Amino acid sequence: MELHNLKPAKGSTKSRKRIARGQGSGHGGTATRGHKGAKSRSGYSRKRNFEGGQMPLQMRIPKRGFKNPNRVPYVAINLSRLQAISEKYNITTLDVNALVENGIVNKNDRVKILGRGELTKNLNVSAHACSASAKEAIEKSGGTINII
């Protein structure tokens, strides 16, 4: 046995199906695509949610709600968190730059102060927005609030 007379075992390999090469091949005419219709055409690709002509699921389900294009997202920070931040980092002036430096918010975030929790320190807070209860609590504890 030499390298030049090696071949695969009988029946282990098949020759590929040569379609659209005339009637004599047995795969001529419609080239194994059946008769007519979109699937027999060249370049056919089914739409992602196509259900055979039935109304697709995403069109059967009713629409609900809307996305407000003018919505301004805020990062909410409660008074209890402000208290914890001021104690942890030992700072009395809490502005957006201080929050960014300590990794609490990102530099492009808008910050809103909310009124949940207690505030014992007098803090000078600077933020983009503030609730009425938070403003009252900050001023009650002797601090100031500045809206940017």
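Taking residues in the range 44-66 that are free of Cβ contacts under 8 Å to residues at least 24 places away in the same chain, and partners anywhere that are among the acidic types (Asp, Glu), the pairs with Cβ atoms closer than 8 Å and at least 6 places apart or on different chains are 57/51.
Contact map, the range 29-40: first residue surrounded by 10 or more Cβ atoms within 10 Å (Cβ to Cβ), second residue not hydrophobic (A, V, I, L, M, F, W, C) and not in a loop (DSSP other than H, G, I, E, B), Cβ cut-off under 9 Å, separation 6 or more or different chains; pairs are 29/23; 30/40; 31/40; 33/39; 33/40.
One line per residue, one yes/no per condition, for (1) of a type in the set (Gly, Ala, Ser); (2) outside any strand (DSSP E or B); (3) surrounded by 16 or more Cβ atoms within 10 Å (Cβ to Cβ):
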{"residue": "43", "(1), (2), (3)": "yes, yes, no"}
{"residue": "69", "(1), (2), (3)": "no, yes, no"}
{"residue": "72", "(1), (2), (3)": "no, yes, no"}
{"residue": "76", "(1), (2), (3)": "yes, no, no"}
{"residue": "88", "(1), (2), (3)": "no, yes, no"}
{"residue": "103", "(1), (2), (3)": "yes, yes, no"}
{"residue": "136", "(1), (2), (3)": "no, yes, no"}
{"residue": "139", "(1), (2), (3)": "no, yes, no"}
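Screening 70, 78 for residues that are among the polar types (S, T, N, Q), modelled with pLDDT of 90 or more and within 26 Å of the chain's Cα centre (by Cα) leaves exactly one candidate, 70.
Selection of the range 90-101 for residues being more than 34 Å from the chain's Cα centre (by Cα) and either under 15 Å from residue 78 (Cα atoms) or in a loop (DSSP other than H, G, I, E, B) (or both) yields 90, 91, 92.
If you go through the range 109-134 and keep only what is assigned to a loop (DSSP other than H, G, I, E, B) and among the basic types (Lys, Arg), you end up with 110, 116, 121.
Checked against the criterion of being crowded, with 17+ Cβ neighbours inside 10 Å and either touching a Gly at 6+ places or on another chain (Cβ under 9 Å) or among the small types (Gly, Ala, Ser) (or both), the candidates 99, 114, 82 yield just one match: 82. Filtering the range 117-129 to residues that are over 33 Å from the mean Cα position of the chain (by Cα) and either touching a residue at least 60 places away in the same chain (Cβ under 8 Å) or surrounded by fewer than 17 Cβ atoms within 10 Å (Cβ to Cβ) (or both) leaves 118, 120, 121, 122, 124.
The values are calculated or read from the model by the stated rules, or taken from the named source; none is laboratory data. Bear in mind that the values here come from a model prediction, so they are computed numbers and not experimental data. As a convention, Cβ positions derive from the backbone with ideal geometry for all residues, glycine included, and neighbour counts pool all protein chains shown.
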